[in-house]
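Taking it in order: structure first as C-alpha cells, then the write-up.
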Amino acid sequence: MKIGIIGCGTISGAYFGGAQNTDILKIKACADLRMEAAQAQAERHNCQALSVDELLADPEIELVVNLTIPRAHVEVGLQVLEAGKHVYSEKPLGVDTESGKQLIETAAEKGLRVGSAPDTFLGAGVQTSRQVLDAGKVGRPIAGTAFMCGHGPESWHPNPAFYYDIGGGPMLDMGPYYVTALVNILGPVKRVAAITTKAFEERIATSEAMRGLKIPVKTTTHLAGTIEFQNGAIITMIMSFDMWRHRLPCIEIYGETGSMTVPDPNGFGGPVHVCPAGGNWEEEEIPFPNNARMIGVIDMVSAIRSGRPHRASGALAYHVLEVMCAFDKSSETGEHVIIESTTERPEPVPLGLNEWEID
C-alpha cells in the first residue's frame, strides 16, 4: 500500500525508520506546512515532498499518517477522510471528545478506517503482561497503579511550548500510552474520579534551542485519580509535569493470587515480573517480538488488505480519549464521570512471528 505522511517534525523520523522494516507499505510522499521540513525528510528517505493539498489529491495514496500537533489531529484527519483515504493519527486522537467523535463518525459514514497511536501496546512488554494476566498467573485483577511523573519537557525538548498548550499536558501527551496499555490488559473502563491542577502559570525553557523562553501554561499539569474498569479492577493513576523526582513504578497490577509489574508503556520492550502469593518476584520469559514505532500502521495496512479489524483502532483511541478527558471533567464537577463509550480488547499479537510481521 502506498501511504503519505503529513507532519515532518521530530517524531516523523521514527515512522520513516519503521517503514524501512516492512514491504507491506511504501511511503510515497510527505508534506508539512514548512516545505523545507518536508523536503529534508523526502531527501533523507527517498520519497516526494508535496504540499498537503497535493498529497491528499494523489489517487495512489490510500492511507495518510497524521503527525501534526495534537490540536490539528482532528482537523487534518477530517481532510484526509474527505479525500477518501484512511487515516492513522499520532496520539491523542483529539483534544476533546466532541471532535474525536466527529472523526470516528465521519470515517464510518465514508466506509474508511481510523487508526491511532500509541502502538507501543503491540510490543513485547505489554503483550507479555496481557498474556500473564490471561493465563491466570496473578488471578482476578483487583487493583493497580500507573504513574508517569516528571518536571516537564522544557529542559530538553527543542520545541516545548505545545506541551503546555490546549491539547498538551501530561495526560494527553503521555496518558495515551498508559491508558491504552491498561485497556489492552484489563479491558474497557467504567468510570473515573479525579482531582487535577497546575502548579505553575508559566514555565521557563532551559533546553539549548529555546533557553529562556517563557511558556504560558494553559492546561492542567498534575492529575491524580482512580479508574474503575468494567471487570472491577481499580487503578490509581498520577500523570504529572510538576514532580522533580520520585520512585514510583510505571504500572503494577495486583491480582487475587499475585502481583505483576508492567514495563514502561512508552516503550515496546522491557521486563515483566510476577510475584505469586507468598512468593518472590520472578522475571517472565518474553515470547513476543519487540517491534517499534510504525507497527500500528503496518498492522492497519495488513488488516485493510485482509478485511480484519486493526488493533490500534479508532474505537480504542476514542475510548482512551474519553477516559483521559474524564480526569479534568471529574475534577471540575466533583463527581465520578461515567465513561459512555466502550471498546473490545484488541486481538493479542500471535506468538511465533518475527519482528515486523503481524497478522
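If you check N291, N280 for being assigned to a loop (DSSP other than H, G, I, E, B) and free of Cβ contacts under 8 Å to residues at least 12 places away in the same chain, only one passes: N280.
Of all the numbered requirements in (1) modelled with pLDDT under 95; (2) at negative phi, G167 misses one, and that requirement is (2). Kindly establish whether T22 is under 22 Å from A315 (Cβ atoms) and of a type in the set (S, T, N, Q). Spelling it out, it is not the case that T22 is under 22 Å from A315 (Cβ atoms) and of a type in the set (S, T, N, Q). Residues in segment 46-63 that are of a type outside the set (G, A, S) and either open to solvent by less than 50 Å² (accessible area, probe 1.4 Å) or in contact with a Gly (Cβ under 7 Å, 6 or more places away or on another chain) (or both): C47, L50, V52, L55, L56, D58, I61, L63. Within segment 1-33, the only residue that satisfies the criterion of being in a strand (DSSP E or B), aliphatic (A, V, I, L, M), farther than 15 Å from K91 by Cα and in contact (Cβ under 8 Å) with a residue 40 or more places away in the chain is I3. When the criteria are applied in full, A57 fails the requirement of being touching a residue at least 40 places away in the same chain (Cβ under 8 Å) and either over 22 Å from V320 (Cα atoms) or in contact with a Phe, Trp or Tyr (Cβ under 9 Å, 6 or more places away or on another chain) (or both).
With a requirement of 2 or more residues that are open to solvent by 70 Å² or more (accessible area, probe 1.4 Å) and within 30 Å of H273 (Cα to Cα), the strands (runs of 3 or more DSSP E) lying completely within segment 150-258 that satisfy it span 189-197. Condition check for N66 on (1) open to solvent by 40 Å² or more (accessible area, probe 1.4 Å); (2) within 14 Å of G9 (Cβ to Cβ): one failure, at (1). Of the residues making up segment 262-300, just one is under 12 Å from V132 (Cα atoms), of a type outside the set (A, V, I, L, M) and open to solvent by less than 30 Å² (accessible area, probe 1.4 Å), namely C275.
The values are calculated or read from the model by the stated rules, or taken from the named source; none is laboratory data. All values reported here derive from a predicted model rather than from experimental measurement. Neighbour counts are summed over all protein chains in view; Cβ atoms, including those assigned to glycine, are modelled from backbone coordinates with ideal geometry. Note: areas computed on protein heavy atoms with side chains; ligands, DNA, RNA excluded. Shrake-Rupley method; radii C 1.70, N 1.55, O 1.52, S 1.80 Å.
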